[in-house]
1. Before we move on, is A:R218 farther than 26 Å from B:A118 by Cβ and not in a helix (DSSP H, G or I)?
2. Hey, could you check segment B:132-185 for residues that are in contact (Cβ under 8 Å) with a residue 40 or more places away in the chain, farther than 22 Å from B:G223 by Cβ and basic (K, R) and say which is nearest to the other protein chains (Cβ to nearest Cβ)?
3. Search segment A:155-166 for residues being under 37 Å from the mean Cα position of the chain (by Cα) and facing chain B (nearest Cβ under 9 Å), and hand back the single one that is modelled with the lowest pLDDT.
4. How about segment B:260-281: which of its residues are within 7 Å of another protein chain (Cβ to nearest Cβ), more than 18 Å from the chain's Cα centre (by Cα) and within 17 Å of A:A105 (Cβ to Cβ)?
5. Considering each of B:I119, B:I58 in turn, give the residue that is at pLDDT below 85 and over 22 Å from the mean Cα position of the chain (by Cα).
6. What tally of residues in segment A:267-296 results from selecting those that are facing chain B (nearest Cβ under 7 Å) and assigned to a helix (DSSP H, G or I)?
7. Right, A:V132: part of a helix (DSSP H, G or I), within 13 Å of chain B (Cβ to nearest Cβ) and without any contact (Cβ under 8 Å) to a residue 12 or more places away in the chain or not?
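The values are calculated or read from the model by the stated rules, or taken from the named source; none is laboratory data. From a predicted model like this one, the values you see are computed outputs, not experimental measurements. In this analysis, Cβ positions are derived from the backbone assuming ideal geometry, glycine residues included, and neighbour counts consider all displayed protein chains.
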Amino acid sequence: MLRFHLAREFNALWRPAPRLAALALYAALIAWSVTDGVSWHRHAESVLAGAPADLLTDRSEWMADLESAEAGEEISPYAARPMSLTFLAALPPGPLAALAGRNEAMQPHTALISGWRSEVSLFQRYEVEGPVALGAGRLDLAFVVVAVLPLLVLLLSFDVLSRDREAGRFRLFLIQGGRAGQTLIARLIAVALPAFAIPAIAILVAALLLDAPVPATRVWIAGLAIYTAFWSAVAALVAVSFRQVSTGALAAVTVWALLVVVVPSTVRFTAEALYPLPSRVSYLTEARLAEGATRRNLAERAEIFMAEHPDEADAPDEAVPGFYRASYLANVDINTRTRGLVDAFEGQQARQRGLVGALQFLSPAIMLNQVLQASAGTGPARSADFRRQARAHLDVVLDAIGPATVGRNRLTVEEARRIPEFAFTEPAIPLSGLIAMIWMLVLAAGGKLLALRRAQRLN
Amino acid sequence: MTGTLIRKEFREFLRDRRFLVLFALMLVLLSAASLDGWNRARSDAAARAHAAASDREIWVEQGENNPHGAAHFARYAFRPTPSLAAFDPGVFDFAGAAVWLEAHTQNPAALRRAEDAAIATPFPTLSAAWVIQVIGTLALTVLLFQAVAGERERGTLRALAATGLSAGHFVAGKTGAVLLVVGGLCILIFLAVLLPGAMSGDLDAGAMRIATLAASYLCALTGFALIVVAISARSRSQSAAFVLAIGFWVSVSVILPVIGGQLAASLHPDIDEQELKNAIQLEAQSPFWSGDAREPAVAAYEAEVLEEFGAARFEDLGFDREALVLQAHEEFANEVYDRLYGELYARHEAQDRVLRYLAIASPVLALQRLSSGLAETDLTAQLRFTRQAEAHRRRIIEQLNRDMMMNAGESGYAYTADRTLWEQIPDFQAEPVSTLEILERYRIEILALLAWLLAGFILAIHLSGRAMKQERL
């Protein structure tokens with residue numbers, strides 16, 4: 001019986017031109033977003049693969065020079081200096097970043113780590129992207145799924161019962177033995193199936209093209225299915241609760257606007273208002289103050305540093321330029337002086353994320369957005385992790401090269417070998433994502449059951 | 001007759017709980033967004049003012065230094081926060097706040113606030129302008145999609161037609177009520193823009209700017225509302241009207257602005273940062289310092305100096321040649337920067353132009369662009385700042401180089417200056433722009449808004465009239 005209803009509803013539902021146009025627009029948006037995302041992903045990979053080799057230290061060459069110097073051979077005074085050791089910190093695109101990289105262009109994906117850098121200049125990029133295109137962001141699949149899918153589902157199913165009720169056909173339908181529940185389910189499935197299937201196919205195609213891991217793809221498909229089920233349940237509740245088309249329309253749009261636009265924006269706004277971040281401009285000012293103070297009192301500052309590292313003899317090699325020591329000390333002082341601001345910045349960011357994590361259960365759009373970004377390997381949290389790990393690596397490098405740089409020496413071969421390369425450690429996917437999905441599933445099931453009970457009363 | 005109809009329609013709006021709910025929701029969102037906007041703008045302006053003052057202090061207190069060493073330590077130019085950024089942040093958070101004015105190198109603006117975002121949401125954080133542009137148009141869609149289609153489906157349109165009511169009166173009644181609704185929204189705009197800023201004394205925009213802003217919103221929202229009425233008149237049923245009206249809203253308010261940005265970036269891709277750095281090194285630095293561009297550049301600048309001081313030979317002046325070479329490099333590199341940054345900014349402007357022409361297809365996008373232009377949070381304002389900052393860099397580097405050239409004598413890089421010189425270096429001052437200049441720049445958007453308004457009037461009157469006629473037959 002349900003199969004009969006489904007076949008009938010598929011035919012009836014998708015015949016009107018406005019509905020077909022809405023579905024075509026939806027499919028076109030998804031095709032655009034995935035095509036653009038995949039090409040962006042490939043571009044990001046090629047940029048990382050072509051990392052500026054001329055800016056990086058050739059470790060083997062550098063080590064060979066150092067070994068020669070340690071063996072007592074004559075080498076250039078500039079060769080194998082600790083300050084010329086440069087490491088690349090790179091953040092590779094996440095497995096499904098192509099599908100959720102809306103604002104990725106804004107975040108740094110590489111950093112050059114060396115004694116010439118402080119934490120302030122570590123991510124100081126040439127900010128050459130056009131602000132207009134950056135502000136608009138990319139239309140990624142995550143946005144289409146989170147924002148457009150629910151609107152499509154609601155738009156096409158808010159009146160599945162009310163249009164017949166308002167026209168007086170519903171009574172006739174019931175007299176002829178029709179059942180409200182079955183009609184409701186059939187009509188909802190007729191809408192939800194293409195709304196789910198089109199992005200699901202797009203996800204699978206993108207996963208195949210990018211060779212994405214199966215677990216991440218599964219999370220996306222599962223999240224998409226649960227989200228579609230949730231909005232289908234909302235549509236069912238709207239359909240059985242309102243007799244008039246106009247009231248149902250208002251209810252549908254209001255629910256969408258509240259859960260997808262207003263609540264997420266308000267949650268973000270509340271988090272940002274409650275936990276404001278220290279200004280980047282203040283960060284720069286502190287760094288400038290530290291740099292100015294160090295450069296003014298360089299001799300005294302170097303003496304203090306050497307007193308803290310008595311094992312390094314000072315000034316054995318007069319050929320070493322003085323600005324090596326000056327730059328190193330200025331960078332160490334900048335890091336020390338701005339540490340409080342960085343901690344405050346990260347603390348406020350963590351509080352903002354914590355608040356959003358706690359309030360995400362108010363909006364399925366926030367829940368899904370967080371899950372999709374975490375599994376795609378994008379988003380501000382991953383970027384913040386990259387910055388933290390790169391800063392930690394800079395500290396390791398500065399600690400390792402400090403005494404030799406200020407003492408105008410070279411590292412020993414042994415010391416140089418102990419300095420590790422940078423490797424990004426992916427953050428774990430938070431457990432709250434799983435809880436959010438279960439919560440959304442419970443809401444979807446509860447909503448559907450409630451709607452079916454009300455539909456039965458209509459019989 | 002028309003007045004009676006407008007009053008009747010407006011009374012129906014007021015009786016309609018949906019209208020009151022939407023009005024209350026808008027008011028709450030606008031108030032919250034506006035207060036937060038003013039708060040953020042104030043703290044941002046304070047941080048930038050503090051940074052500018054600190055920059056001066058750090059500069060003046062640097063102690064004795066060689067002027068060229070000081071030019072490398074350099075200064076920063078901070079972009080002031082426009083007061084209307086509280087209302088419409090535009091692309092302000094996506095553009096750099098400061099430019100480093102160092103010797104030898106032109107730098108792009110750095111420190112974009114948007115990089116600090118710790119949370120990703122599908123839509124941007126609330127601003128008063130965004131609430132009106134996106135949520136306001138959604139509210140109008142929901143209120144008006146059934147304006148004619150609802151009357152037709154309920155059979156009241158036939159009854160109205162039977163009373164002999166003319167199509168003109170009917171449309172005037174519907175549109176008059178719409179105008180009242182939109183007018184109410186515009187009053188909210190004034191409240192959102194003026195009250196918190198005026199109460200805290202932060203608002204420094206002129207009356208003409210505010211009036212132009214309000215007129216733009218009135219024009220755009222009225223045009224949008226009339227299009228929804230036209231859609232309602234054209235649709236056979238309320239459901240169809242709803243699907244079409246929401247489809248229109250999604251297309252012009254949500255999809256087109258995002259797709260527009262993406263299309264702009266695809267048609268005019270950004271220059272890669274490393275590519276620009278390499279170009280600067282290869283074209284502005286290497287040819288001078290290790291290539292063959294140095295000699296003619298130095299000769300050209302030397303000729304300028306000789307002409308200025310009326311001397312036959314540079315040596316007769318007793319000036320420092322190292323400093324002459326440094327300034328000659330600046331003169332050489334400035335031409336390269338004019339070209340490289342000219343290309344970069346031309347690309348940004350080309351991206352902006354894509355959205356300008358797309359705005360013809362969307363009253364909301366046209367409004368967004370005009371609004372951020374009037375708030376001075378658009379690309380044009382950012383480029384104006386970066387160009388002014390670069391002109392300032394060139395002035396102060398030349399001042400430092402000339403001091404070294406004229407006073408170093410035989411000392412060269414060993415020569416040092418003190419705070420007397422540092423105090424003579426002027427602070428960066430952004431030059432303001434007039435409202436008329438902004439309107440001149442945004443004439444396409446203004447024309448687009450007027451065209452949408454006119455099209456809205458014509459379509460609403462024509463289609464509603466046709467619906468009335470069909471009911472009479």
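1. no
2. It comes out as B:R152.
3. Ranking the qualifying residues of segment A:155-166, first place goes to A:D159.
4. Within segment B:260-281, B:D270, B:I271, B:E273, B:Q274, B:L276 qualify.
5. B:I119
6. Here the count works out to 14.
7. Here the answer is yes, as A:V132 does meet what is asked.
So that you can scan it fast, the table gives a plain yes or no per residue for (1) of a type in the set (K, R); (2) touching a residue at least 12 places away in the same chain (Cβ under 8 Å):
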| site | (1), (2) |
| --- | --- |
| A:E166 | no, yes |
| A:R169 | yes, no |
| A:G177 | no, no |
| A:L193 | no, no |
